[in-house]
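Accompanying notes for the structure given below.
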Amino acid sequence: MRAVDIITKKRDKEQLTAEEIDFFVRGFTNGEIPDYQASAFAMAVLLNGMTNRETTDLTLSMAHSGQVLDLSKVVDIAVDKHSSGGVGDKTSIAVLPIVAACGLRAGKMSGRGLGFSGGTLDKLESIPGYRVDLTTDEFLEQLKEKGIVLTGQTLDLAPADGKMYALRDVTGTVPSMPLIASSIMCKKIAAGAQAIVLDVKVGLGAFMETLEEGRELAHLMVDIGRLAGRETVALLSDMNQPLGSAVGNSLEMIEAIETLHGRGPADFVEHCLHVAAHVLVLGRRAKDLKEGRALAEKSISDGSALEKLRLLVSAQGGDFSFVDDTSKFERAKFIEAVKAPRSGFVSQVNARTVGEASVALGAGRAKKGDPIDHAVGFLVFKKVGDSVRADEALCEIHASDGGKLKDAREAILSAYRYSDESVPPLPLFYE
Ligand code: URA
């Protein structure tokens, strides 16, 4: 078998066999198939798609490209949550401590930013010292001892995805249903999840823009999960506008921390409570969503979730004083408000435009391995449905380079649309 023949077959819209997919994944993992062939393969898949059978084969090959963890000795039930990626989505950073405070041992491996969407690891690294490179043994030990871990994918877990994810980020091959489904599910399977809550984002700032596409991705991932013997639930949530207010690494960390202090923006708090309730039900800590939600709320009001975040940060070598004093986070040199050009009701805050503008400020990468600037991003004050007066602040730009303010301002102004009539707020969840 040759890699070039597999790429050609996919280019010509043919179906690949399980053996061909496995050959490609193995070859890419061990370095025999170079990045340029893997990039061409990813582009062929993006353009021509895969059947559900091919996607499942790709998922299983990637899951088995490294070690597959067995968490049954460490936790009674391993529940994982994963978002398909969005703008301002710092949910894991708040939800993990919440469910851990409710008695569920919570271990999660997260990713870096992908295209215009932010990544949990980049956000966590805005706390000095926080390690996202735990080994598998360290992951297991911390999960057992502290009951909470939030780290990067270890090199020995689904290494094929680790390599592919970094390539996709910089080759325009992110928004592909089979590549997203296999990337998410292979990690969940390899990391030993027995039950999985998938937060599938839908809208302008998601890789799946329409509800139909989101639903298809959700069904595909649920089917893959069940096929692999994992109890899997998918939620379809809105990503037309940024989630919460903060977009950018430090800013999002601060918002997640503020949420655990009981001072989070209403939409983000609601989103977290709903996701946490599902995790608690799958983890058998709550009999239904109502009870799960009540437990999650209590963990915020009694400070136990915040305590779990402190524990997490210190266990991973981070400076946990940042959790109590968010003014310690690095601040951008230039902070400028963007004012509304007119009065009315906000009818759109295009999440993709905001996400791309934050990458342009330096919050994301243009090519593999690029450094990122933790301090930059946006605070979005006005969301869909809000009334706004001319000259009122819509958003705040946080930039390190004053020369980038103009483009950022123009991007934000173009992200907003207005109506003279009142506009209903966007739903948080569709299904
Ligand atoms: N999250 C992932 O882990 N992979 C993707 O491809 C998209 C979102």
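Throughout, read-outs are computed from the coordinates displayed, never taken from laboratory work. In this text, all values refer to a predicted model and were calculated from it rather than measured experimentally. Every residue, glycine as well, gets a Cβ built from its backbone with ideal geometry; the counts of neighbours run over all protein chains shown.
At-a-glance table
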item: Estimated D of region 373-431 in µm² per second, where Rh is the Kirkwood radius over Cα pairs and Stokes-Einstein applies at 25 °C, 0.890 mPa s; result: 183 µm²/s
item: Listed residues Ser301, Gly264, Gly119: farthest to the positive end of the dipole of the chain (Cβ charges); result: Ser301
item: At q = 0.12, 0.15, 0.19 Å⁻¹, base-10 log of I(q)/I(0) for region 265-408 (Debye sum, equal scatterers on each alpha carbon); result: -0.75, -1.05, -1.18
item: Compactness of region 234-283 - radius of gyration and Dmax, Cα, Å; result: 11.7, 31
item: Only Lys, Arg (+1) and Asp, Glu (-1) charged, at Cβ; the chain dipole about Cα centre in debye; result: 140 debye
item: In nm, spacing of pseudo-spin labels at Ser387 and Arg331 (7 Å Cα→C-beta vector); result: 3.2 nm
item: Whole-angstrom gap from region 381-431 to region 274-327, using each part's C-alpha centre; result: 30 Å
item: Value of Rg to Rh for region 1-117 (Rh from inverse mean 1/r over Cα pairs, i.e. Kirkwood); result: 1.06
item: Amide H contacts of Val149 (H built 1.01 Å from N, under 5 Å, at least 5 apart or other chain); result: Ala106, Gly107, Lys108
item: Calculated over region 3-63: convex hull of Cα atoms, volume per residue (Å³); result: 68 Å³
item: Computed FRET value (nearest 0.05) for Leu47 with Glu145, which takes r as the C-beta separation and R₀ as 45 Å; result: 0.45
item: Partners for Lys108 among lysines (Cα-Cα distance below 17 Å; same-chain residues under 8 apart left out); result: Lys73, Lys81, Lys90, Lys123, Lys144, Lys146, Lys187, Lys188, Lys308
item: Karplus 3J(HN,Hα) series, Hz, for region 32-44 with 6.51 cos²θ - 1.76 cosθ + 1.60 (x for Gly, Pro); result: 6, 9, x, 3, 5, 6, 5, 5, 5, 4, 4, 5, 5
item: The chain, Cα convex hull volume normalised per residue, Å³; result: 131 Å³
item: The chain: antiparallel DSSP beta bridges as a percent of all, rounded to 5; result: 50 percent
item: Relative contact order %, the chain, counting alpha carbon pairs below 8 Å whose residues are six or more apart; result: 19 percent
item: Separation of the Ser400 and Lys298 label points, Cα + 7 Å toward Cβ, nm; result: 4.4 nm
item: Shape box of region 159-263 [Cα atoms, principal axes, largest first, Å]; result: 41, 32, 30
item: Phi-based couplings in Hz for region 103-115 (Karplus 6.51, -1.76, 1.60; Gly and Pro marked x); result: x, 9, 5, 10, x, 9, 10, 10, x, 8, x, 9, x
item: Rh (Kirkwood; distinct C-alpha pairs) - region 330-419, Å; result: 13.3 Å
item: Rel. contact order, % - alpha carbon contacts under 8 angstrom, at least six apart, region 1-127; result: 19 percent
item: Viscosity 1.306 mPa s, 10 °C: Kirkwood-radius Stokes-Einstein D of region 208-250 over Cα pairs, µm²/s; result: 130 µm²/s
item: Region 7-49-region 191-225 distance, computed between alpha-carbon centres (Å); result: 23 Å
item: Inter-site label distance for Asp133 and Glu14 at 7 Å from Cα along Cβ, in nm; result: 4.2 nm
item: Helix-only CD estimate at 222 nm, as mean residue ellipticity for the chain, using -39500 (n - 2.57) per DSSP H run (n ≥ 4); result: -13500 deg cm²/dmol
item: Cα-based convex hull volume of region 192-311 per residue, rounded to whole Å³; result: 123 Å³
